[in-house]
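The values are calculated or read from the model by the stated rules, or taken from the named source; none is laboratory data. Since the structure is predicted, the reported quantities are computational estimates derived from the model, not experimental observations. Every residue, glycine among them, receives a Cβ derived from its backbone with ideal geometry; neighbour counts consider all protein chains shown. What goes into the accessible areas is simple: the full protein's heavy atoms, side chains included, and nothing from ligands, DNA or RNA. Shrake-Rupley method; radii C 1.70, N 1.55, O 1.52, S 1.80 Å.
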Amino acid sequence: MFASEAYPGSAGWVMARLDALAAFTDEPGRITRLAFSPSLDSANAELIGWMRAAGMTARIDAAGNVVGRYEGLQPDRPALLLGSHLDTVRNGGRYDGALGVVAALAVVERLAKAGERLPFAIEIVAFADEEGVRFGGTVLGSWALAGRIPEGWRERVDGDGVRAEDAVRAFGVDPDEVPAASRAADPPFAYVELHIEQGPILEQENCGLGIVTAIAGASRLLVTVAGQAGHAGTVPMALRRDALVAASECVLAVDRLSRDKGAVGTVGHLRVEPDAVNVIPGRVRFSVDIRSGDDAERKILLAEIRKAFDAIAVARGVGLAVEITSDTSAVPCAPVVVEAIGDVLADMGLPRLELASGAGHDGIAISSIAPIGMIFLRCVGGVSHDPAEAVGVDDVALGIEALERVCRRLGETSTCL
Ligand code: HGY
Ligand code: MN
Ligand code: MN
């Protein structure tokens with residue numbers, strides 16, 4: 001039932017395409033495909049070719065997302081939206097995002113090879129900026145498709161000082177046309193995403209697939225600490241306003257307070273200026289990423305972290321500014337979609353293992369225009385956002401099978417979605 005030879009739409013066929021996509025990177029030797037980057041542009045072109053070969057129409061929408069469509073028997077019926085994202089973190093893995101896009105394409109391949117059309121169209125989207133790595137948060141991507149474009153997105157600046165507006169224009173997207181990407185007026189009847197779990201639960205439970213119940217909320221900050229640069233050899237310790245020492249105390253505060261709250265807090269990016277061995281750091285910028293399944297708890301944690309930062313700044317005699325670059329509330333998956341996924345897994349003889357997602361996903365944005373659901377796929381060691389990310393081909397076969405069955409199941413119930 002789950003052969004993995006590379007016939008169109010098989011697990012081997014999916015794995016081969018994921019390996020091909022992994023070659024699209026802006027950093028040779030590792031996978032880095034940031035939003036609106038040359039490598040993402042090339043990966044999108046490759047995907048569009050595969051979509052058209054499968055009998056789909058395919059285009060780049062007004063916000064830079066790839067949108068493919070496999071017509072249904074009733075073209076006027078709302079479509080079912082599948083997909084995920086092709087952008088990656090820096091030095092990422094080859095399955096985060098891409099698996100969901102290519103597995104959805106495998107479902108269409110199978111239908112097309114069988115000459116079958118469902119009553120409704122299947123659309124597959126590869127969102128342009130799920131990771132939000134380049135600009136500190138998702139600037140367009142799924143938010144644009146949901147018709148909820150973030151305020152001030154144009155002025156966001158990446159690590160090289162490039163404004164988001166200029167980056168999307170260089171990518172071929174007209175910033176003034178972005179609102180045309182919105183599907184708020186003609187939403188899909190549901191959105192389903194297959195994604196690696198990026199955590200250890202499925203592996204611990206020896207389950208290939210799981211049912212996502214909710215997606216955690218997240219807050220992202222960009223913090224700037226302004227001290228006083230100086231000669232490392234001549235400024236007495238008592239007179240120093242060392243930005244890196246103050247930032248280091250902030251990093252430890254994020255860790256301590258997050259642990260105390262049972263939430264997760266990460267400082268993943270930190271830049272020191274002037275970054276010289278014999279100069280006291282005058283300025284430090286660092287990121288903070290806070291997640292929790294409970295929005296109220298996350299807000300309280302955020303307030304405690306900012307209070308701790310202010311106390312450190314006073315004690316260290318430095319300036320400290322906080323910019324909130326992204327703030328998303330936790331989102332439940334739609335019960336009707338959760339149930340359909342559960343029924344499908346039961347039909348396949350698999351347990352109905354339900355779990356929440358600590359990672360963010362495009363479904364957060366899409367949930368504002370359609371019922372959403374996600375299927376998690378076991379990943380080796382729970383590792384993700386790292387080249388060691390790995391999945392088993394038999395789990396991928398299960399994932400494709402489940403996704404196809406969910407499409408059919410949701411089609412049967414779509415009138416009440
Ligand atoms: O950061 C996240 O949670 C997701 O991988 N973008
Ligand atoms: Mn992802
Ligand atoms: Mn990710």
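Under 30 Å from Glu412 (Cβ atoms), touching a residue at least 12 places away in the same chain (Cβ under 8 Å) and of a type outside the set (Val, Ile, Thr) - does that describe any residue in the range 15-35?
Of the range 15-35, the ones under 30 Å from Glu412 (Cβ atoms) are 17.
Those left that are additionally touching a residue at least 12 places away in the same chain (Cβ under 8 Å): 17.
Filter again for of a type outside the set (Val, Ile, Thr), leaving 17.
Within the range 15-35, one or more residues are under 30 Å from Glu412 (Cβ atoms), touching a residue at least 12 places away in the same chain (Cβ under 8 Å) and of a type outside the set (Val, Ile, Thr).
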Revision key, fill the gap. Exactly one of Gly68, Gly92, Gly64, Gly100 is within 15 Å of Gly363 (Cβ to Cβ) and small (Gly, Ala, Ser), and that residue is Gly100
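Given the criterion over 27 Å from His385 (Cα atoms) and open to solvent by less than 10 Å² (accessible area, probe 1.4 Å), identify the matching residue among Val139, Val178, Val168. Steps first, please.
On the way: Val139 fails: over 27 Å from His385 (Cα atoms); Val168 fails: over 27 Å from His385 (Cα atoms).
Sole residue among the options that is over 27 Å from His385 (Cα atoms) and open to solvent by less than 10 Å² (accessible area, probe 1.4 Å): Val178.
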Exercise for review: Please specify each residue of the range 277-299 satisfying the condition of being part of a strand (DSSP E or B) and either within 16 Å of ligand 3 (Cβ to nearest atom) or out of contact with any Asp or Glu (no Cβ under 6 Å at 6 or more places or on another chain) (or both).
Suggested key: Val279, Val284, Arg285, Phe286, Ser287, Val288, Asp289, Ile290, Arg291, Ser292
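One residue is enough: does the range 96-104 have a residue meeting the conditions surrounded by fewer than 16 Cβ atoms within 10 Å (Cβ to Cβ) and not charged (D, E, K, R)? Step through it out loud before you land on a result.
Residues of the range 96-104 that are surrounded by fewer than 16 Cβ atoms within 10 Å (Cβ to Cβ), as a first pass: none.
Scanning the range 96-104 turns up no residue that is surrounded by fewer than 16 Cβ atoms within 10 Å (Cβ to Cβ) and not charged (D, E, K, R).
If you go through the range 296-317 one residue at a time, do you hit one that is closer than 30 Å to Ala185 by Cα and open to solvent by less than 70 Å² (accessible area, probe 1.4 Å)? Steps first, please.
Applying the first criterion (closer than 30 Å to Ala185 by Cα) to the range 296-317 yields none.
No, because not a single residue in the range 296-317 is closer than 30 Å to Ala185 by Cα and open to solvent by less than 70 Å² (accessible area, probe 1.4 Å).
Would you call Asp362 at pLDDT 95 or above, open to solvent by 30 Å² or more (accessible area, probe 1.4 Å), in the same structural domain as Arg94 (by TED's automatic domain parsing) and within 16 Å of ligand 2 (Cβ to nearest atom)? Even if it seems obvious, please write down each step before you answer.
Details: at pLDDT 95 or above: yes; open to solvent by 30 Å² or more (accessible area, probe 1.4 Å): no; in the same structural domain as Arg94 (by TED's automatic domain parsing): yes; within 16 Å of ligand 2 (Cβ to nearest atom): yes.
No.
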Practice item. Hey, can you tell me all the residues within the range 191-218 that are on the phi > 0 side of the Ramachandran plot and more than 16 Å from ligand 3 (Cβ to nearest atom)? Key: Asn206
Exercise for review: Test Arg77 against the criterion of being open to solvent by 10 Å² or more (accessible area, probe 1.4 Å), of a type outside the set (Asp, Glu), touching a residue at least 12 places away in the same chain (Cβ under 8 Å) and within 16 Å of ligand 2 (Cβ to nearest atom), and give yes or no.
Suggested key: no
Review point. Of the residues that make up the range 83-95, is at least one without any contact (Cβ under 8 Å) to a residue 60 or more places away in the chain and open to solvent by 30 Å² or more (accessible area, probe 1.4 Å)?
Key: no
Revision key, fill the gap. Of (1) surrounded by fewer than 24 Cβ atoms within 10 Å (Cβ to Cβ); (2) within 12 Å of ligand 1 (Cβ to nearest atom), Arg110 fails just (2)
Review point. Has the range 187-200 got at least one residue that is more than 16 Å from ligand 1 (Cβ to nearest atom), free of Cβ contacts under 8 Å to residues at least 40 places away in the same chain and under 20 Å from the mean Cα position of the chain (by Cα)?
Key: no
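For the range 334-349, indicate whether the set of residues that are within 14 Å of ligand 2 (Cβ to nearest atom), out of contact with any helix residue (DSSP H, G or I) (no Cβ under 7 Å at 6 or more places or on another chain) and within 23 Å of Ala218 (Cβ to Cβ) is non-empty.
Taking the range 334-349 and keeping what is within 14 Å of ligand 2 (Cβ to nearest atom), we get none.
The answer is no; no qualifying residue exists.
Picking from Leu417, Leu377, Leu398, which residue would you name as being crowded, with 16+ Cβ neighbours inside 10 Å, of a type outside the set (S, T, N, Q), over 19 Å from the mean Cα position of the chain (by Cα) and modelled with pLDDT of 95 or more? Even if it seems obvious, please write down each step before you answer.
Values: Leu417 fails: modelled with pLDDT of 95 or more; Leu377 fails: over 19 Å from the mean Cα position of the chain (by Cα).
On inspection, the qualifying residue turns out to be Leu398.
Take the residues of the range 113-132 that are β-branched (Val, Ile, Thr) and closer than 30 Å to Asp386 by Cβ: which is farthest from ligand 1 (Cβ to nearest atom)?
First, the residues of the range 113-132 that are β-branched (Val, Ile, Thr): 122, 124-125.
Narrowing further to those that are closer than 30 Å to Asp386 by Cβ: 124-125.
Working: Ile124: 19, Val125: 16 Å.
Filtering first and then ranking leaves Ile124.
Kindly indicate whether Asp61 is in the same structural domain as Leu350 (by TED's automatic domain parsing) and open to solvent by 50 Å² or more (accessible area, probe 1.4 Å). Break it down stepwise before answering.
Details: in the same structural domain as Leu350 (by TED's automatic domain parsing): yes; open to solvent by 50 Å² or more (accessible area, probe 1.4 Å): no.
For Asp61, the condition - in the same structural domain as Leu350 (by TED's automatic domain parsing) and open to solvent by 50 Å² or more (accessible area, probe 1.4 Å) - is not met.
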Review point. Does the range 251-267 contain at least one residue that is out of contact with any Leu (no Cβ under 9 Å at 6 or more places or on another chain), assigned to a helix (DSSP H, G or I) and basic (Lys, Arg)?
Key: yes
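Residue check: is Gly262 surrounded by 17 or more Cβ atoms within 10 Å (Cβ to Cβ), not aliphatic (A, V, I, L, M) and not assigned by TED's automatic domain parsing to the domain that holds Cys379? Write out each step before concluding.
Values: surrounded by 17 or more Cβ atoms within 10 Å (Cβ to Cβ): no; not aliphatic (A, V, I, L, M): yes; not assigned by TED's automatic domain parsing to the domain that holds Cys379: yes.
Against the criterion (surrounded by 17 or more Cβ atoms within 10 Å (Cβ to Cβ), not aliphatic (A, V, I, L, M) and not assigned by TED's automatic domain parsing to the domain that holds Cys379), Gly262 does not qualify.
Restricting to the range 265-295, and then to whatever is polar (S, T, N, Q) and surrounded by fewer than 17 Cβ atoms within 10 Å (Cβ to Cβ), can you tell me which residue is farthest from His231 (Cα to Cα)? Can you show your working first?
Initial filter on the range 265-295 (polar (S, T, N, Q)): 266, 278, 287, 292.
From what's left, surrounded by fewer than 17 Cβ atoms within 10 Å (Cβ to Cβ): 266, 278.
Numbers: Thr266: 31, Asn278: 6 Å.
For the range 265-295, the residue satisfying everything is Thr266.
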